[in-house]
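**Student:** Before we start, here is the structure in question, set down as structure tokens.
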Amino acid sequence: MSAGDPRERLLSSASSNAYFSLADVVPGSGGYEEIAPYLLGDPATKSAHSLHLPGVTIATQDTVYQSFQTIDWLHDEAKERANFKHREREAAIEPWACIWSSLKPKLSLLWYKSQGWLCALVIGISCGLCAAFIDVLAAFFSDIRTGHCAYAFWTTRHACCRIAESMYGCDAWIPWSQSLGLSSDGYNTASWIVDYFFYVAICLVLAFVAASLVVQFAPYAAGSGISEIKTILSGFVIRKQLGKWTLFIKTICVPMTVATGLALGKEGPLVHLCACLGNLMCYFFPKYQKNAARRRGMISAAASAGVSVAFGAPIGGVLFALEEIAYYFPSKVLWRGFFTSLVAAATLSVLDPFHTGKLVLFQTSARTVTWGWYEMPGFAVVGGIGGIAGALFIRYNVQWCAVRKHTALKKWPVVEVLVLTAVTAIANFLCFFTRIDGLDLMALLFEHCDPSLVPTPEVCVIDRSKVAVASLAVVFATKVALMVFTSGIKVPAGVFVPSMAAGACLGRAYGALVARAFESSSFLASFCGGGAVDMCIDPSIYAVCGAAAVLCGVTRMTICLVVIMFEITG
């Protein structure tokens, strides 16, 4: 090849820069017409499978990557730029002699440019619909453990008691013991045993169905899937990880596993499910169907939408994708990720699965009580305990996963899930804070205590009760311990909600102790400026800080976690 040969210029660009541009072979250089057919799959060169140059091979349009291979970022980027230049040239040089023949290439270029935003729109709507479906189904499975609605068996407790003053005083919700006629004369020991039995039995049934479906039909649906998504976005190919079968099985199993009461959540799996939706929707748009590098950009945007619908935090979702999982995140992908997150959050808001006007149950409003500088040492203590808890969880979970890998547990994943579910359900029913769902627990602990309300809010009673505060501390330690054994089992499982729930218990208990210390000490009360301690120390702020601290200790998220907590708390 001569020095002016376009293939020589392409080879020198590829060897000198791993992420080169086609600027050397664009129209006007005399080389675009020669290189473009190989990148665009021109019919005249269809017989050639690739363009072979000394030291480099450029594959044609129909490159198919197999599992456990890495994609060719260089080729996919070059193909994308050549494709765009080719369409741009056709739209620019076509004469206006015939309206259709001149309009067709321009419409083709417009369609090509708009595919990214249209794909982001479809992905956002799909993620919102999927999240709403999972929220409703998870709430139904969680509520059916304790009873059923008197007039509509298929409704959740929130929907059944929506017209009542208090959810927990709703007569329309019938416990299982009452359905069997055992509590007509009041709640007695027999009624308690029957409710206990139904609670544990339903948890075991849900766990068995979910684990069996995952093990038999979709092994890639186990876990949260975030680690695998990070691997895929770095260019590695795992063909079934984002497939339609994984999407279907995980969508069905996530509500079941959440309702079992295990120390897991649905927020991590929601990120995986949205990534699956993003991958599948890309196949309806030719721009992304045949370009693995560009498709990974849309998967990054879909992952940000998953965090958006999980926490009701569109900005936090974009930062999560940028900080935690994205490998290739240019400004174009950043804006499309933000757009996808907004569309997903708006879709979920319109559907309103909880009938509360909130994207998530534990979303709180702005408080009238703010924190003071004198509380900074207390916040530091909560943060330190959260970091220690996260470090202990990681250490012992790694050890337990090694035990699981090298023992008989590896051969009996369903049995492991059932045993862990039985132990968790038996322990959960004995305490109010563990019996309710993790989202309901956080919604309760994030609530501000306003003693002027009548009747007195339940959270105010918790802050004043020594037994309740001690119970919260025990629940914190129990949840962290159960997370060690739960993370890694063969069901869809995330660590976001159990970490936040454990941290909320820690923070609320510590905040109640701080408030009591301010009440009993005139020196500490002087920092309140002579006002009431209730208007000076707010344990709910400590609950929010505790949730963020433990989640940060477990996941090592920093900036995006702060933004997510800002969006949750208003």
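**Student:** Compute the orientation-averaged projected area for the range 482-570 from the convex hull of its Cα atoms and round it to one decimal in nm². Write down the numbers at each step before the final one.
**Tutor:** Values: hull surface 29.1 nm².
If you wrap the Cα atoms of the range 482-570 in a convex hull and average its projections, you get 7.3 nm².
**Student:** I would also like to ask the following. Give the span of the range 220-324's Cα atoms along each principal axis, as three whole-Å numbers ordered largest to smallest.
**Tutor:** That works out to 42, 30, 22 Å along the principal axes.
**Student:** Give the long-range amide H neighbours of I238: residues separated by 5 or more places, or on another chain, with amide H under 5 Å away, using H modelled in the peptide plane at 1.01 Å from N.
**Tutor:** So I238 has HN proximity to F68.
**Student:** Hey, can you grab everything whose amide H is under 5 Å from the amide H of G223? Only 5+ residues off in sequence or another chain; H modelled, so Pro and N-termini drop out.
**Tutor:** Residues meeting the criterion, in which the H sits 1.01 Å from N, are V491, A493.
**Student:** I've got another one for you. Which translational diffusion coefficient, to the nearest whole µm²/s, is obtained for the range 466-531 from the Stokes-Einstein equation, given a Kirkwood hydrodynamic radius over C-alpha pairs, 4 °C and 1.567 mPa s?
**Tutor:** The Stokes-Einstein estimate is 94 µm²/s.
**Student:** How far is the Cα center of the range 470-501 from the Cα center of the range 205-240, in Å?
**Tutor:** Each part's Cα centre sits 20 Å from the other's.
**Student:** Would you mind checking the range 229-246 for residues with the amide N under 17 Å from a putative spin-label position 7 Å along Cα→C-beta of Q289?
**Tutor:** Those under the cut-off are 244.
**Student:** If I stretch the segment between C431 and V474 completely, what's the gain in nm (0.36 nm per residue apart, minus their alpha carbon distance), one decimal?
**Tutor:** The span from C431 to V474 would gain 14.5 nm if fully extended.
**Student:** Continuing with the same structure: Between Y327 and V205, take the C-beta separation as r, use R0 = 41 Å, and let me know the FRET efficiency to the nearest 0.05.
**Tutor:** Given R0 = 41 Å and the Cβ-Cβ separation, E is 0.50.
**Student:** Have a look at the range 286-378 and give its Rg and Dmax from the Cα atoms, expressed in angstrom.
**Tutor:** For the range 286-378, the Cα-based Rg and Dmax read 17.0, 59 Å.
**Student:** Here is a further query. Would you grab the residues whose amide H sits under 5 Å from the one on T146? Only those 5+ places off in sequence or on another chain, please, with H modelled 1.01 Å from N.
**Tutor:** HN-HN under 5 Å from T146: empty list.
**Student:** Set the Förster radius R0 to 56 Å, insert the Cβ-Cβ distance between H406 and A92 as r into 1/(1 + (r/R0)^6), and round the FRET efficiency to 0.05.
**Tutor:** 0.30
**Student:** Keeping all protein chains in place, calculate the accessible area per residue for the range 297-360 (probe 1.4 angstrom), answer in Å². Can you show the working numbers first?
**Tutor:** Details: 2180 Å² over 64 residues.
On a per-residue basis, 34 Å².
**Student:** State log₁₀ I(q)/I(0) for the range 322-421 at q = 0.10 Å⁻¹ as given by the Debye formula over alpha-carbon point scatterers of equal weight, solvent excluded.
**Tutor:** Debye intensities relative to I(0), on a log10 scale: -0.71.
**Student:** I need two numbers for the range 267-311: Rg to one decimal and Dmax as a whole number, Cα atoms only, in Å.
**Tutor:** For the range 267-311, the Cα radius of gyration and maximum Cα-Cα distance read 10.5, 33 Å.
**Student:** May I ask you to rank W371, W176 by accessible area, largest first, using a 1.4 Å probe over the protein chains only?
**Tutor:** The most accessible residue leads, giving W371, W176.
**Student:** Tabulate in residue order the Karplus-calculated ³J(HN,Hα) for the range 399-414, using 6.51 cos²θ - 1.76 cosθ + 1.60 with θ = phi - 60°, rounded to whole Hz; enter x for Gly and Pro.
**Tutor:** 5, 5, 5, 5, 5, 4, 6, 10, 10, 5, 4, 5, 8, 10, x, 5
**Student:** OK, next. Based on a Kirkwood Rh over C-alpha pairs, give the Stokes-Einstein translational diffusion coefficient of the range 247-294 at 25 °C and viscosity 0.890 mPa s in µm²/s. If you can, show how the numbers build up before the last one.
**Tutor:** Values: Rh = 12.2 Å.
In µm²/s, the coefficient is 201.
**Student:** Would you mind computing, in nm to one decimal, how far apart the modelled labels at E519 and K240 are, each placed 7 Å from Cα along Cα→Cβ?
**Tutor:** The two pseudo-label positions are separated by 5.8 nm.
The values are calculated or read from the model by the stated rules, or taken from the named source; none is laboratory data. What you are looking at is a predicted structure, and each value in this text was computed from that prediction instead of being measured. Methodologically, a virtual Cβ is constructed for each residue, glycine included, from the backbone with ideal geometry; neighbour enumeration extends over all protein chains shown. The area values use the complete protein model at the heavy-atom level, side chains included, leaving out ligands, DNA and RNA. Shrake-Rupley method; radii C 1.70, N 1.55, O 1.52, S 1.80 Å.
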